[in-house]
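The values are calculated or read from the model by the stated rules, or taken from the named source; none is laboratory data. Bear in mind that the values here come from a model prediction, so they are computed numbers and not experimental data. No Cβ is skipped: glycine too gets one built from the backbone with ideal geometry, and neighbour counts run over all protein chains shown.
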Amino acid sequence: MNPIRILFAMLALTSGAEAARLKELVDIEGFRTNAVVGVGLVVGLNGTGDDASALATRRPISQLLKHFGSLVDPADIKAKNVALVTVTANLPPFARPGTSIDVTVSSMGTAKSLQGGTLIATPLHGADRATYALAQGSLTIGGFIADGASGSGSKKNHVTAGRIPNGATIERETPGIMPVDCVTLLLRSPDFTTAARIAEAVNRTMGGEIAKVRDAGAVSVMISVERKTRVVELIASLEAVEAIPDGPGRVIIDERTGTIVVGAHVTIDAAAIAHGGITIKVDEQKQVVQPGALSAGKTTTVAQTNVEVKEEDGKLSPMPASSTVGDIAAALNVLGCKPRDLVSVFQALKAAGALHADLQVL
C-alpha cells in the first residue's frame, strides 16, 4: 500500500480535535530552560580525531598539559586521537547543584568519528559567561564507521556527534521567578481561539472569573489572597485543566524525504489536476578501440553514452471540493501519485487558490 495513503488514512481518523491538558499546551512565565555551552576535548579516538596539523586542536591540548605542570609547545603535538568539540545542554528551571543533566557533544574540526571517545572535564557557561555545570564522560554515538585500506568502508548514522546521559553536574542554581499576583500561561502555539478556550476552561474548573486573555499568546490567572501561600498547588491544578486547542489548517511538506502531513482544518476547492512525469535514463559504457595495423597508436577506451527519455501520460482528473482530511485523501489517491509527486500537486493547488491552508516547506 502506498505510504502516503496510510498517512492520510491515519489523519482522517484523528482529524477531530481532542481536549489536551494545559501542561501540553502552555508554559508558565518565569519557568524556562537555560542553554549552556562549552568547548572541550574528546580523547581516546582510534585515529579518527582532528587533523594532526590543526592548530586549533593542538593549542587546547598544550593548555591542558600546562594545567597539569607539563610545558609542551603546540608545534610538537601530533595527536590524531583527539577532537575539538562543542558541548551543549539545557538547564531545567530551578535546577539544583549536584543534579545531573544530559549533554550533546559535536565535533568542531575535521574528526571523522567520535566513536569510543571520552570528554575531558568541560565547564558549561551561560549567556552571562558564568559556569553553571561541569561535563565529563564517555560518549554514546549510536553508529559506527569502518574504513578499509583501499578507501572502501561502511558507515551507520551520524558519528561526529554524540550524547553523554547524565554527563554534566550542575554547579550553580539557575534563577527562577515565582509568580506573586498572577500566573501567566504562555501558549506554545499562539492562537486567539485557543487562548479564549483556555481562559474559559480555567474559569469553569477553578470557579469565578480569575482567568483573562491577555493576547493570542498569553492568558493571565489571578492569584487570590488565600492562594498566595499555595502557588505551587495552584500551578499544579492549572496544568491538569483540559482545553481544546485550535489553529490554522497546515500542510507540512518535507521535500528531502517526500513526507507530507495534512492538518485537521485543511479544505480544498473543486479543481482539475493533470500530473505527468518525465524519466531520463543515461547509460554510459566503455568501448575498446584498437589502433590500425602497423601503426604507432595504443589501445584505448572511448565512452559511449545512450540517453533515453520517457514521458508518462498525464490525464486531467477532476477533484471535488473536500472539507475533511478523509475527503482530501480519497481525492488525491485517485490520481495515483507518489508522495514526491504530491508535493508538486499541493504547491500547484496553493498557487491556484484552491488549497485553503498554510503551506510550509521544510
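Listing for the model above:
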| quantity | calculated |
| --- | --- |
| Any chance I145 is crowded, with 16+ Cβ neighbours inside 10 Å, among the hydrophobic types (A, V, I, L, M, F, W, C) and modelled with pLDDT under 95 | yes |
| Residue among T193, T174, T205, T169 that is in a strand (DSSP E or B) and in contact (Cβ under 8 Å) with a residue 24 or more places away in the chain | T169 |
| Selection within the stretch 112-132 - in a loop (DSSP other than H, G, I, E, B) and within 20 Å of V42 (Cβ to Cβ) | K112, S113, L114, Q115, G116, G117 |
| Helices (runs of 4 or more DSSP H) completely within the stretch 1-103 that count 3 or more residues being modelled with pLDDT of 85 or more | 22-25 |
| Any hit, the stretch 234-251, residues being among the aliphatic types (A, V, I, L, M), closer than 17 Å to K23 by Cβ, in a helix (DSSP H, G or I) and touching a Leu at 6+ places or on another chain (Cβ under 7 Å) | yes |
| Near pairs, Cβ below 8 angstrom, 6+ apart or cross-chain, from the stretch 114-137 (over 21 Å from D51 (Cα atoms)) to any residue that is aromatic (F, W, Y) and assigned to a strand (DSSP E or B) | L124/Y132; H125/Y132; G126/Y132 |
| Count of residues meeting criterion [over 21 Å from T140 (Cβ atoms) and among the small types (G, A, S)] in the stretch 85-115 | 2 |
| Per-region count, the stretch 214-226, residues surrounded by fewer than 16 Cβ atoms within 10 Å (Cβ to Cβ) and more than 30 Å from K350 (Cα to Cα) | 5 |
